[in-house]
Each structure stands twice: as C-alpha cells, then as structure tokens.
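> Shown below is the structure under consideration.
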Amino acid sequence: MLKTAAACLALATVLTAAPAQASTPTPSCPPPAVIEPNPDAVLPPVNRTALARSIAGLPASDAAAAVVRVGGTKGSWQGVSGVADLKTRRKASGQARFRAGSVTKMFTTAVVLQLVAEGRLALDDTVQDHLPGLLPGSYPPVEVGQLLNHTSGLPAPDLPGSFAYVYETRFKRWTPEEYVAVAVRNPIEFAPGTRQHYLNVNTFVAGLLIEKVTGETYEHEVTERILRPVGMRDSYLAGTSTTIRGRHQKGYQSVPAGFESSFAYGDDHLVDMTRTSVTSTWASGDLISTAADLEKFVKALFSGEVVPPAQLEPMFTVPDVTMFDECGNQPATYTSGMTRMVLPGGLVAYGKTGARYGYANGIGATRDLSRTLVYSVNSFDAKGSGQNQRTLGIVMASFS
C-alpha cells in the first residue's frame, strides 16, 4: 500500500515546479521518499474493468471527457467517455486532437539527442558557446545536458500566477527570446548540475539551440525528424495559432461565479479555454496530438527508432541530485524529457504528463513496452491538484 501511495504521489507531482527559493532542511520536512524498484515485479494483465471504471460517468463535476489508450505485449484496451462540447452534448471521440502540454518536452529532448548523435551538439557543450548573449554574463556555464534534465539552475520568469492573468493574456504572443529574457532577469537559482528544478525555461533554451544548430525553425525540425517519420499524421505544433484544427474536445476551466465569459455548469462555473495561445510554452508545451499518435511515438522512442540507443540513455537516467525545494532532501525524479516512476510492486515505468487549461494528459510505458499508456482528460482543473484523482485512477488501472 505504501508503494501504491508513493507512486500516486510521484505521478501527481510530475508537473509541479518546486518553489522559487530553497531552504535548509528543517525538522518539519518529511524524510526522503525513496521507493525501491523490484526487478522481479510482474506486470499483470490489462484490467479492462478497472480501466472502464476509471473514466465512467463523464461528463461529471471534474471533467467533460476522457480518452484512454492502453497497449503493449500483454494486452490492450481503448476507451472514450463523455462529451466533446458541454453545450451541444456532442459525444467525445477517441480520435480527437488535444493540447498535449508538457508532453512536448519529450519531443524537444529527442531532437536535441538526435543532434548529439549526429555530432552537431554534445551534452557537455555550454549554452554560452552556442547562444552567446542569451544568458547574463554573471551566469556560470550551463551545459546542454543540464537543460534536458532540469539541473541547469536557470530561473523562471516572474509572472502573475493567477488564472485571471492567464485568461486576460490568453492570446498574447511571446517570442522564445522574450520569454528567456524575462526569466534571466533573476539570478541563477543554484550551481548548474547540483540540484533539479523542473521549469519550462530549460526547454525554451533547448528549442533555441535546435534552431541555432540546424538553421531551421523548431517546428520544422520536430515535424521532419519525428512527426513525419513516426507517422503522426494527426499531430502538429501550434506555433502562433490559437485554435485546434479538425476534430477535438473542448477544454474548460473552473472559475468563480461572475468570472468574465463564464457559464454555469451544475454548482460550478466554467470558461472555454479551447482557443488560446501556446507561445508562452513553445518548445515546452505547444504540441497538438491524438492518443493514437502518441502511442506510435512512445513505441518508436522506446524502441530506439527516434533516437539511437547510445544517445537515448539520458531519457531513462535520473541525475543523482536532490530537488530544489523548501526541504532540499527529496531525490530527483526527472530524467531528460521524462519522469521515472516506481509503480505498485516495484514496477518501473517512464513517461510524461502535460497540462494545458482544459486538457490533462499523460504518456508512458515500461521500458520493454510490455505496457504503454496514453490518456487525455478534459479536466475542469487541469493544472490543479483536483484533476489528479481522475488521472491517477487511470494510471493505477493501467499498470495494476
């Protein structure tokens, strides 16, 4: 039971960035959460009953729809529940596109590792060598590999954290250079390579490196190097577009009564966040995809078809550092582009969650691909802790 609870906690906090300041551990801090993997753990057969139960009853008070796709060598299951539009009650579709959010980081990381395989980059190259002037002169050297595994020490931009600000600026167009410039007004958080802090700025800089090294846009490189070769025909990078092309589920966010453009839904009030700019996440979160396409990707990636096996290993390696948080004693959990998760019984899986307002998603697999999972939940609080009960139920039903 302890392993199950810890697995849930790890999955629930995948996208949570640590606080902006770290402090010396205090007696009130919990001991490090260490769960030992079990090399003899046996993956159970697909539990179709539990999976169906995990997405039953939609639309509900927490979400409008859900799409789940489980695969692998030990069985498969596909399910869809809910409605694509709360007002028209149009049924949800398992083929619908959705905003994949931070799942995009897997693609950015994969392209950088391809460039390493081609000898055009090295993980110990510095950002300052390739992008002179991007970082302040007071910053120490930051290595490419440290960007990928979030040990760079680069800070986040100081921006209002309220949803009211997000909604007000939902159509604002950021350039990558602008985003990074706002972030690096702050001092570096820690000596590069000594702690881990999951922040979008790392993947922004990685995207700029891709553009500098290749002479092409980030969007072009991801499309030509991954989306087309893998056969992800329904996936694309949104760029400056605020819409989702083709069939898709609408994304809603819960707000207080009286919020601008909100409408009543049961005891709650919602706003439609389907149309929004993703330039504020760019190489960290602008992918639009489908469950079937992401299943193709995870299979190709883990099989060594996207990144050569020799360069793929960082995506399965957690650095031996602690998280940058108020306690400073929790071990790192992020690899380069993914998260390592110890599941019930000591089973190990790797994957990534991603959230945009209205869309809470996940992609993952055991390394041997005996079990793969892709899900997208049209959560009313996709970036809050409340949505995790639904998504964690899906994950636990998929792997146990």
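The values are calculated or read from the model by the stated rules, or taken from the named source; none is laboratory data. In this text, all values refer to a predicted model and were calculated from it rather than measured experimentally. Positions of Cβ are generated from backbone atoms using ideal geometry, with glycine treated the same way; all protein chains shown enter the neighbour counts. Please note that ligands, DNA and RNA were not included when accessible areas were found on the heavy atoms of the full protein model with its side chains. Shrake-Rupley method; radii C 1.70, N 1.55, O 1.52, S 1.80 Å.
> When you check Arg89 against the structure, is it open to solvent by 20 Å² or more (accessible area, probe 1.4 Å), part of a loop (DSSP other than H, G, I, E, B) and more than 20 Å from Ser289 (Cβ to Cβ), yes or no?
yes
> Further question on the same structure: Count, please, the residues in segment 235-268 that happen to be open to solvent by 50 Å² or more (accessible area, probe 1.4 Å) and without any contact (Cβ under 8 Å) to a residue 60 or more places away in the chain.
6
> Still on this structure, I have one more. Any residue that is out of contact with any Pro (no Cβ under 6 Å at 6 or more places or on another chain) and on the phi > 0 side of the Ramachandran plot - is there at least one of those in segment 184-196?
yes
> Taking the condition open to solvent by 40 Å² or more (accessible area, probe 1.4 Å) and in a loop (DSSP other than H, G, I, E, B), does Pro160 pass?
So Pro160 passes the test.
> State whether the residues of segment 214-226 include one that is among the polar types (S, T, N, Q) and over 30 Å from Arg120 (Cβ atoms).
No: segment 214-226 contains no residue that is among the polar types (S, T, N, Q) and over 30 Å from Arg120 (Cβ atoms).
> Restricting attention to segment 312-336, which residues are crowded, with 20+ Cβ neighbours inside 10 Å and small (Gly, Ala, Ser)?
Answer for segment 312-336, where residues must be crowded, with 20+ Cβ neighbours inside 10 Å and small (Gly, Ala, Ser): Ala332, Ser336.
> Residues in segment 343-383 that are open to solvent by less than 20 Å² (accessible area, probe 1.4 Å), more than 14 Å from the chain's Cα centre (by Cα) and closer than 21 Å to Ala60 by Cα: how many?
Result for segment 343-383: 4.
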